[in-house]
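Novice: So that we are looking at the same thing, I have put the structure below in structure tokens.
The values are calculated or read from the model by the stated rules, or taken from the named source; none is laboratory data. If you're wondering where the values come from, they're calculated on a predicted model, not measured in any experiment. Cβ coordinates were reconstructed from backbone atoms using ideal geometry, including for glycine residues, and neighbour counts include every protein chain displayed. Side chains are part of the model used for accessible areas, which takes the heavy atoms of the whole protein and leaves out ligands, DNA and RNA. Shrake-Rupley method; radii C 1.70, N 1.55, O 1.52, S 1.80 Å.
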Amino acid sequence: MNVQKLVSLNLNVRGLGQSATLAIKDKCRELRRAGRDVYDFGLGQSPFPVPEPVVEALRAAATEKEYLPARGLRELREAVAEFHRRVDGVDRRADLVLVGPGSKELMFVLQLAYYGEIVLTPPCWVSYWPQARILGRRFSLIHTSFESGWKVSAQRLHDSLRLVNDDLRPRLLILNYPNNPSGATFSEDELREIAEIARRYELIVLSDEIYGRLHLTDQHVSIARFYPEGTILASGLSKWCGAGGWRLGTFSFPPELDWLASAMTTIASETYTSVCAPVQHAAVRAFAFDSDIQAYLQHSRRVLAAVMRPATTILRDAGIRVRDPAGGFYLFLDFSPLAERLAQRGVTDARTLAQRLLDDGGVASLPGSAFGRSRRDLTVRIALVDFDGAAALAASRTIPLEQALPESFVAEHCGRLIAGVRRIAAWAEDGPAPPQRETSDALS
Ligand code: PMP
């Protein structure tokens, strides 16, 4: 069997570890089991429960046992198309909606079906480039900076595409906004400008809008409004509906990209067949997006916004650079102003930074390098989800939406999370000596 091991493993997966987000979750579980008090800011999982009407719909659908069409349950595809029309102002046909076991799997299937180059704008979500690598696809990176709000501008996009080649070679640009890890989003004007460049270079845009409904002030705008013919709009239940473990994602295509939807459907039909039937039936209820779901989201956004405010203040006071997030659960921390001091403490790269935050501070984070930033970048992502979302939502529901949440709300309902953020600040300031801890190897 040793020979097998040496020669038969696909070269594309050799040396690739488990996805960084899932690995950190395992490590936190392990450390907690060993009795350590760990702040779990690693995996970006919604802190909120699935809305009750959607849970009820799942219960009611438990007896649904048929295989469903590879593209997805007709009723669900209609609900998704209607959702994008009503909520995003984007016209999509139900027959061009593809339902998959998580948008992550759909992205993998897309990269499998598509032969062009993948264009990414780091910091970007952890799985885009490993998927490209597993499939042996070429990808290019257009780096962004703290100064540009961690966003690619139309000009920068144009310059990079022109630099590489001015012809119309096939390229797929993945945009994600509100962004994981940075929380950044694009303004309507920025999207219009990017759309113009995308049209000029005939790019296909995969618009990953999985956090769209978690825009903190509910002002999410889709690029599909300005570049409908080339945009695949990605959504799903994992973030705004708190149902990551249910594994349901959606891609909505324009008629111009029907060929890609068809190829992906073929792959789906030969691999996973279709998404779990009860979950698809329940998802119809979620995408119906009625007043129950909207109220759930209003409260979710209000709680998240309330958490972000003190967190960013505490971190900035400690000298860490951080942008105010427009949406989602994340903050992308830039420790570069503290570089000199950190170097004296032996921290000169993102992995060591994340490792030391865990070992000394007891806070799990992910290094910026997992998001495509250079190893030398002193950045980490924290997911601010380590609180009891059900209790926080229930408390928020007792306060009318027209009113702001009182100052005491975060301390009362998300106190542990703020304590974790303070730990990061104290560690950055080289504050009170942390308790002696055994070394972990979470990020090795
Ligand atoms: N895109 C982004 C930006 C994400 O953060 C995630 C999940 N962390 C996904 C896609 C995948 O989500 P899912 O497969 O659960 O739909």
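Novice: Just to confirm the filter: which trypsin sites (Lys or Arg not before Pro) across the range 117-186 are DSSP coil and have at most 14 other Cβ within 10 angstrom of their Cβ?
Specialist: Here the trypsin sites (Lys or Arg not before Pro) that fit, given the DSSP loop and packing criteria, are 138.
Novice: What accessible area per residue comes out for the chain, rounded to a whole number of Å², with a 1.4 Å probe?
Specialist: Computed with neighbouring chains in place, this is 42 Å² per residue.
Novice: Please sort by residue number the chymotrypsin sites (Phe, Trp or Tyr not before Pro) in the range 70-149 whose DSSP state is loop and whose Cβ has at most 16 other Cβ atoms within 10 Å.
Specialist: 115, 146
Novice: I'd like the per residue volume of the convex hull spanned by the Cα atoms of the range 173-291, given in cubic angstrom.
Specialist: Taking the convex hull of the Cα positions in the range 173-291, it is 125 Å³ per residue.
Novice: Could I ask something else about it? Carbon and sulfur together cover what percent of the accessible area of the range 17-136 at a 1.4 Å probe radius?
Specialist: Reported share for carbon and sulfur atoms: 51 percent.
Novice: Would you mind calculating the gained length between residue 1 and residue 399 on full extension (0.36 nm times residue separation, minus the Cα-Cα distance), in nm to one decimal?
Specialist: Here the segment from residue 1 to residue 399 would lengthen by 136.9 nm.
Novice: Run the Debye formula on the Cα coordinates of the chain, all scatterers equal and no solvent, and tell me log10 I(q)/I(0) at q = 0.08, 0.11, 0.13 1/Å.
Specialist: Computed log10 I(q)/I(0) values: -0.46, -0.89, -1.25.
Novice: Could I ask something else about it? Roughly speaking, to the nearest percent, how much of the range 254-341's 1.4 Å accessible area is carbon and sulfur?
Specialist: Carbon with sulfur: 52 percent of the solvent-accessible area.
Novice: Evaluate the relative contact order of the range 355-428 (contact order divided by residue number), counting alpha-carbon pairs under 8 angstrom at least 6 apart; express in whole percent.
Specialist: It rounds to 34 percent for the range 355-428.
Novice: How many angstrom lie between the C-alpha centres of the range 247-324 and the range 67-112?
Specialist: Going from one Cα centre to the other spans 12 Å.
Novice: Using a cut-off of 12 Å between beta-carbons, work out the net charge of the residues near residue 255 (Lys and Arg +1, Asp and Glu -1, residue 255 not included).
Specialist: That sum, taken over residues with Cβ under 12 Å, equals -3.
Novice: Moving on. Positive end of the charge dipole of the chain (Lys, Arg +1 and Asp, Glu -1 on Cβ, about the Cα centre): tell me which of 41, 280, 172 has its Cα farthest that way.
Specialist: 41
Novice: Now for a different question. Could you tell me the relative contact order of the chain? Use alpha-carbon pairs under 8 Å, at least six residues apart, and round to a whole percent.
Specialist: The value is 22 percent.
Novice: If you don't mind, there's one more thing I want to ask. DSSP loop (so not H, G, I, E, B), at most 12 other Cβ within 10 Å: list which GluC sites (Glu not before Pro) in the range 20-116 pass both filters.
Specialist: 66
Novice: Moving on. Measure off 7 Å from each Cα along the Cα-to-Cβ vector at residue 37 and residue 189, then give the distance between these two points in nanometres to one decimal.
Specialist: Spacing of the two 7 Å Cα→Cβ label points: 4.8 nm.
Novice: If you don't mind, another one. For the range 202-350, what is the percent of antiparallel DSSP beta bridges, rounded to the nearest 5?
Specialist: Here the antiparallel bridges make up roughly 60 percent for the range 202-350.
Novice: For residue 74 and residue 376, what does the FRET efficiency come to when R0 = 60 Å and r is the distance between their Cβ atoms, rounded to the nearest 0.05?
Specialist: 0.75
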